[in-house]
Amino acid sequence: MVNRAAPSRESAEKPAYRFRNSLGDPRMALLAPRVTARLLQGVFALIFLAATILLLFIEPHTVLSLRYLTGGVLIAAATAAVLLPAMNGRDVKPWMVVLPGMDFLAFAIIRLESTGAATNPMVMMLTLPAIWAGLMRSWRSIAVIAVLSVAVITPDIVVLTQGRLTESNADRAIMLIGMLPLVMILGAVAAHTMASILIDRRLALKREREQRAAAAAESERSRFLLDTVLDSLAVGVIVTDPEGELVLMNRILRESPELSADGADPWEAYKNSPAFEADGLTPLPKDESTYNRVVRGDYVSERLLWVGPPHGRQRALSVSGSPVHTATGAHIANVIIITEVTDYLQALKAKDAFIGTVSHELRTPLTTVTGVLEVFEEHIDELPSDLAQWLPVLQRNVTRQHVLVRDLLTAAGTRTGALLLERDTTDLGCVATEAVSALNAEAGRKNIEIVLDVHSAVGNFDPTRLSQVAENLITNAVRYTPPGGRVTVRTRTVGDELELVVSDTGVGIFAADKERLFEQFFRSESARSSAIRGVGLGLPIVKAIVDAHRGRINIDSEPGEGTTVTVRLPRD
């Protein structure tokens, strides 16, 4: 089998003409010979016939002359030729230029009989075959028309030079000699130009339609891919237009038993389903639903809601939503993401219950051990020296266990609800001073200097909780500072806020770890590899206490350059 190379797109669209052009495109049918040739030649033949009939009454001898009859036969032959099956194609063939040429030749013969007489006006009908030659989009065909135009006026030139015409006929002959070739050539060129413009425009429209079809196909493919991906997700996805009308809802929501029960419309069921706040009891106002908030332009992030009757079978949902804007800021859509977290919350609840149970169970024996140690300390002089030297070690470890149990209970409490605060008018500077005193011994064992820069910072807060904040921050600073380093603790009042700042010259924090510092039980790789004591509850507890006071916390740290933690609380 012989492989033939397909013509390139450029060659297919090039209007190069060797008596052949892009008329092969079916959309160019109006310029095909079967249309242009038959139309123009047919009209030309009818005009010639009408002129012949009229001339028969004016100059019958001219019509009945051999030359006129010969010209008429040529025109009739050309007219019959356009009806041949060969003219049914869309492409222009080289021989087709013969047909308008026959019309011009016919008039050249007729003009030999009646030069300067009644046939002079008839030559203008040759404009129609000249236009047909121009529509062939061939400069060669136009050249042929130019030559034949001169042939038509040659008899006029001959008789004019011989002086055989009257003065009035001579004037008409001069006008004809000057105008006929010009009119024929310009008519053919105009037709050539118009045909080129029309074909180029249609080719441009064809390319545009192809591009639109390709873009539509790509859009449909992307839409199908998007729908497939969204339908495969285990989370619910809703997309609406800026006014809140549904654009897309993925399969997990469309086929949800709760939303499609009894043939209900899942979209309407979603908008009208009652929901409850994080406690599972407080009804969520309809205008505060995630849908309504997002349509208003609000951003919602991981909002915990419950659906289902209180004290019945409820499901926990984590809902996020936001408006979608273009790069120029135009609001084009809203997106809502719904994730069921019932199992996750139940697991957390079970873990918190276990931690609470274990912590309470540990508290009793620790209290007993603490009491025994206090008795030993009261009679330390009566104890053998080898036993007495272990009392500080035992006391330190029991204290550490007390702190761990306290942190475990606090951590469990932060997940079950807001921390209960016992506010009192207190000086944050005194709280920081007591925390430093409690940790001086641990800092001294590492040869770490604690610098206390305390200014009055009186406000209404829970002193016990803030003691936890100060102790946890200072403990972290001491633990993550190498021996010989320094920890600075400052308190002051800044406007309507109280400020506690704990900075150190320690190892610092990597950027990748900063995002997870407030996750419970998170410990960085460097902390685990260096065997620094801790369970990853200090900063989460600090964050929970600060949030309960409607405050804020900021951590500024770079690896190897130390860390600065700033806590700010409202004074009231």
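The values are calculated or read from the model by the stated rules, or taken from the named source; none is laboratory data. Fair warning: this is a prediction, and the values are worked out from it, not measured in the lab. Every residue, glycine among them, receives a Cβ derived from its backbone with ideal geometry; neighbour counts consider all protein chains shown. SASA here: full protein model, heavy atoms, side chains in, ligands and nucleic acids out. Shrake-Rupley method; radii C 1.70, N 1.55, O 1.52, S 1.80 Å.
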The lone condition Leu112 fails out of (1) open to solvent by 50 Å² or more (accessible area, probe 1.4 Å); (2) in a loop (DSSP other than H, G, I, E, B) is (2)
Please give the number of the condition Thr240 fails out of (1) over 30 Å from Asp156 (Cα atoms); (2) in contact (Cβ under 8 Å) with a residue 12 or more places away in the chain; (3) open to solvent by 60 Å² or more (accessible area, probe 1.4 Å); (4) not hydrophobic (A, V, I, L, M, F, W, C).
(3)
Might you check whether a residue that is modelled with pLDDT of 90 or more, in the same structural domain as Leu439 (by the TED database), in a strand (DSSP E or B) and over 24 Å from Asn440 (Cα atoms) occurs anywhere in segment 504-520?
no
List, please: which pairs have Cβ atoms under 7 Å, are six or more places apart or on different chains, and start with a residue in segment 549-572 that is in contact (Cβ under 8 Å) with a residue 24 or more places away in the chain and end with one that is of a type in the set (Phe, Trp, Tyr) and part of a loop (DSSP other than H, G, I, E, B)?
Pro559/Phe510
Suppose the filter is outside any loop (DSSP other than H, G, I, E, B) and free of Cβ contacts under 8 Å to residues at least 12 places away in the same chain; does Glu218 pass it?
yes
Residues of segment 325-344 satisfying the condition of being touching a residue at least 40 places away in the same chain (Cβ under 8 Å), open to solvent by less than 80 Å² (accessible area, probe 1.4 Å) and either closer than 13 Å to Val294 by Cβ or not polar (S, T, N, Q) (or both):
His331, Ala333, Asn334, Val335, Ile336, Ile337, Ile338
Quick test for you: out of Val73, Val43, pick the one residue that is open to solvent by 20 Å² or more (accessible area, probe 1.4 Å), closer than 30 Å to Arg202 by Cα and either modelled with pLDDT of 85 or more or outside any helix (DSSP H, G or I) (or both).
Val43
Out of (1) touching a Phe, Trp or Tyr at 6+ places or on another chain (Cβ under 7 Å); (2) open to solvent by less than 60 Å² (accessible area, probe 1.4 Å), the one Lys93 does not meet is (2)
How about segment 243-277: which of its residues are in a loop (DSSP other than H, G, I, E, B), open to solvent by 20 Å² or more (accessible area, probe 1.4 Å) and within 28 Å of Thr326 (Cβ to Cβ)?
Glu243, Glu245
Restricting segment 419-477 to residues that are assigned to a helix (DSSP H, G or I) and among the acidic types (Asp, Glu), the residue that is surrounded by the most Cβ atoms within 10 Å (Cβ to Cβ):
Glu471
Taking segment 539-560 as the search range and keeping residues that are in a helix (DSSP H, G or I) and open to solvent by 20 Å² or more (accessible area, probe 1.4 Å), which one is farthest from Leu421 (Cα to Cα)?
Leu539
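Can you pull out the residues in segment 89-107 that are modelled with pLDDT of 85 or more and either among the aliphatic types (A, V, I, L, M) or at positive phi (or both)?
Met102, Leu105, Ala106, listed by residue number.
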Find the residue count for segment 169-203, including only residues that are over 52 Å from the mean Cα position of the chain (by Cα), of a type outside the set (Val, Ile, Thr) and open to solvent by 60 Å² or more (accessible area, probe 1.4 Å).
6
